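This report refers to the structure that appears directly beneath it.
What follows draws every value from the coordinates through simple rules; no lab data is involved. It should be emphasised that the depicted structure is a prediction, and the values quoted were computed from it without experimental measurement. Don't worry about glycine lacking a Cβ; one is built from the backbone with ideal geometry, like all the others, and counts go over all protein chains shown.
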Amino acid sequence: MVLDIVKYGDPVLRQKGERVENITPELTQLIDDMLETMHDAHGIGLAAQQIGRALQLTTVDVTGVEDRPSRMEVNGEKVNPEDYMPLILFNPEWTAVGNTTEAGPEGCLSFPEVYGDVKRPEEIDVTAMDEKGEAVAFRCGGLLARAIQHEWDHLQGILFIDRMDGLVRADLKPEIDAIQAETKKALG
Ligand code: ZN
């Protein structure tokens, strides 16, 4: 089932997600719905907060993005990221590999039509629990690393506008304020 995507201005986007220890049937259904919602919206990532649930759960899928490459390594071996998509990550954590950061354009399904550069580590090591309740670990770079960091932020209640350079954010302020006002009006 395609779920409604929460827009900026809804307080759930500022809530830190609760850790998940057990995969219940309800969560399995939620994962299916989140994947369907993410794909329907042509997004490459969706956090539980974006469908109104403050949980440490995100889905990511960079399949088919040709112009912005992704890299992935599992157990030190290079793999094709598309073989691992979609990723379903509970309680994800990441650390930067090296000191290389890169500014790149980002959008967010909770901020329709808002795009701005965000500087982030280019390569990261990720650990998480998957949809079977098993621990997973991998290294990734490029767009996939950016997407996972963007989603990790959501799980902490952090939004990409918080990470933007002040000048970039100032430029986008009218659009951001308009989304917030519309959301608040709809929430009453
Ligand atoms: Zn987002």
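If a residue counts only when it is over 15 Å from the mean Cα position of the chain (by Cα), which strands (runs of 3 or more DSSP E) contained entirely in the range 50-148 have at least 3 such residues?
70-74, 77-79, 101-108, 111-121, 123-129, 135-142
Pull up the range 13-46, narrow it to residues that are assigned to a loop (DSSP other than H, G, I, E, B) and without any contact (Cβ under 8 Å) to a residue 60 or more places away in the chain, then point me to the one that is nearest to the ligand (Cβ to nearest atom).
Among those that are assigned to a loop (DSSP other than H, G, I, E, B) and without any contact (Cβ under 8 Å) to a residue 60 or more places away in the chain, it is 42.
Going by what's in this entry, would residue 74 be described as touching a residue at least 40 places away in the same chain (Cβ under 8 Å), among the β-branched types (Val, Ile, Thr) and closer than 14 Å to residue 138 by Cα?
yes
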